[in-house]
Amino acid sequence: MDFANYNIGYGITGSFCTFSKTRKEVIHLKEMGANVIPIFSFQTLSCDTRFGSAKEFVDGICDITGNEGIKTISQAEPIGPNNFLDIMVIAPCTGNSAAKLCNGIIDTPVLMAAKAHMRNGKPLVIAISTNDALGVNFKTIGMLMNMKNIYFVPFGQDNYKGKPNSLVAKMELLPETIEMAMKGKQIQPVLVSGS
């Protein structure tokens with residue numbers, strides 16, 4: 001795949017345990033030639049966790065992409081009228097962000113970017129990562145899967161014994177998902193064995 005002419009908005013929400021995987025995919029997309037514009041949720045910008053420092057992660061992603069990143073709602077809003085993204089990705093996308101997106105709640109830079117981007121009729125790719133996907137967020141995922149221009153990175157249960165409601169996207173399938181979404185198609189199969 002050659003993404004040399006792609007401007008990819010890359011939204012990152014607070015599924016901190018998947019940050020190392022998302023970092024690898026940002027590197028991969030850059031190696032494929034994409035111009036990756038990172039967009040950070042407020043939690044991603046501010047929460048230090050056992051998985052690392054927020055500042056180190058955010059600064060690292062900005063260094064990899066060569067872009068300053070979008071860190072406020074007001075910075076994200078012009079994505080709509082300026083129409084400069086070819087595709088947007090939310091990876092990882094928490095259950096909280098998915099539920100808000102599904103219900104039109106726009107209270108973070110990532111969600112504003114998604115709303116602004118989707119007004120242009122362009123594809124949005126979601127890489128779900130949530131412990132309650134097969135619980136309270138099951139309905140949300142189903143509704144998003146039926147919305148126009150929304151595509152999912154294939155996902156599966158990551159720990160069906162310890163966390164039976166949890167689903168995590170197969171992040172390594174992100175480039176193929178982007179390629180198919182740009183053609184208006186959902187990559188198949190969507191349900192895959194453990195992530």
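The selection criterion, being of a type in the set (A, V, I, L, M) and over 27 Å from Glu77 (Cα atoms), holds for Val190.
The number of residues in segment 114-149 that are of a type outside the set (Gly, Ala, Ser) and on the phi > 0 side of the Ramachandran plot comes to 1. Taking the condition in a loop (DSSP other than H, G, I, E, B) and under 21 Å from Ile39 (Cβ atoms), does Gly162 pass? No, not satisfied.
Condition test on Thr18, is it within 12 Å of the chain's Cα centre (by Cα), of a type in the set (Val, Ile, Thr) and part of a helix (DSSP H, G or I)? Yes. Where helices (runs of 4 or more DSSP H) sit wholly within segment 33-104, those with at least 2 residues that are of a type in the set (Val, Ile, Thr) occupy 54-65. Scanning segment 40-79 for residues that are buried (at least 18 other Cβ atoms within 10 Å of the Cβ), aromatic (Phe, Trp, Tyr) and in contact with a Phe, Trp or Tyr (Cβ under 8 Å, 6 or more places away or on another chain) gives a single hit, Phe57.
Taking segment 61-81, which residues are touching a helix residue (DSSP H, G or I) at 6+ places or on another chain (Cβ under 7 Å) and among the small types (Gly, Ala, Ser)?
Gly69, Ala76, Gly80
What residue, of Val153, Val110, Val192, Val125, is surrounded by fewer than 22 Cβ atoms within 10 Å (Cβ to Cβ) and β-branched (Val, Ile, Thr)?
Answer to the check: Val192.
Bear in mind that the values in this text are calculations on the coordinates, not laboratory data. None of the values given here were measured: they were computed from a predicted structure. Cβ sites come from the backbone with ideal geometry, for glycine too, and all protein chains shown count toward neighbours.
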